[in-house]
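Here's the structure we're looking at; comments come further down.
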Amino acid sequence: MRVLIADDEKILADTVADGLRDFAMAVDVVYDGEAARERVTVNRYDVAVLDRDMPRATGDEVCREMIAAGLDTRVLLLTAAAGIRDRVEGLGLGADDYLTKPFAFAELVARVQALGRRANAAQGPVLERDGIVLDVPRHTVARDGLPLRLSPKEFAVLRVLLRADGAVVSSEELLEQAWDEHTDPFTHTVRVTVMTLRKKLGDPPVIHTVPRVGYRLGL
């Protein structure tokens with residue numbers, strides 16, 4: 001899942017981003033509405049978390065423009081205004097959800113995960129193939145009934161490969177969907193992560209390298 005956090009409270013935005021990354025999400029962070037506008041036109045996000053009160057462009061304006069552009073990104077608006085009228089107004093813009101500050105981080109995670117499932121509704125929250133069962137909401141993985149302990153990035157890579165349903169996924173696609181925009185595309189991070197994931201999944205090997213193309217999952 002790829003998420004955009006847009007909030008001018010930098011400490012809050014960075015803390016939320018770090019927390020979401022622990023749940024195997026690729027997270028980009030910006031601190032004003034104009035930067036959010038630029039990101040959503042360049043990158044494809046499953047969920048955008050927008051503060052309603054940002055400089056240069058409000059979250060309301062960004063949300064309205066995203067809806068007008070027909071983007072399929074789910075939008076969660078953040079605001080300090082807790083009144084019913086404010087919530088109705090925010091949802092009336094086309095936002096998918098609304099959360100007032102201060103909020104419990106666990107609730108934010110649950111809402112982002114729910115929106116992410118809606119963005120990928122065709123595949124559902126539990127992915128299965130070749131004895132591997134990945135439960136996105138519970139953040140668990142098992143193979144042939146045996147639970148596995150994966151790092152957040154290993155979990156994210158496996159999720160992308162499972163969603164591909166046997167199709168080849170390039171390193172570039174894995175970088176885009178499992179890492180944030182600051183990752184150096186020329187590093188070996190994808191190869192190393194796939195290697196450690198392959199070892200943890202055990203035998204028989206289920207992740208296969210397609211030379212000069214990418215990776216696919218299947219026996």
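The values are calculated or read from the model by the stated rules, or taken from the named source; none is laboratory data. Computed from a prediction, not measured in an experiment: that's the story for all the values here. Every residue, glycine among them, receives a Cβ derived from its backbone with ideal geometry; neighbour counts consider all protein chains shown. These area figures cover heavy atoms from the full protein model, side chains too; ligands, DNA and RNA do not enter into them. Shrake-Rupley method; radii C 1.70, N 1.55, O 1.52, S 1.80 Å.
Does Ala167 satisfy being open to solvent by less than 80 Å² (accessible area, probe 1.4 Å), of a type outside the set (D, E, K, R) and at pLDDT below 85?
no
Would you confirm whether any residue within region 75-91 is basic (Lys, Arg) and modelled with pLDDT under 85?
yes
When region 1-15 is examined, which residues are found to be open to solvent by less than 10 Å² (accessible area, probe 1.4 Å) and farther than 14 Å from Ala156 by Cβ?
Passing the criteria: Leu4, Ile5, Ala6, Asp7, Ala13.
So, in region 104-116, exactly how many residues are surrounded by fewer than 18 Cβ atoms within 10 Å (Cβ to Cβ) and over 13 Å from Ile5 (Cβ atoms)?
So the count comes out to 5.
Do the conditions hold for Asp46, that is, is it touching a strand residue (DSSP E or B) at 6+ places or on another chain (Cβ under 6 Å) and not hydrophobic (A, V, I, L, M, F, W, C)?
yes
Could you say whether any residue in region 201-214 is under 16 Å from the mean Cα position of the chain (by Cα) and modelled with pLDDT of 85 or more?
no
Can you run down the residue pairs with Cβ atoms below 9 Å, 6 or more apart or on separate chains, where the first is in region 119-142 and closer than 18 Å to Thr73 by Cα and modelled with pLDDT under 90 and the partner is part of a strand (DSSP E or B) and of a type outside the set (A, V, I, L, M)?
Ala119/Arg74; Pro125/Asp135
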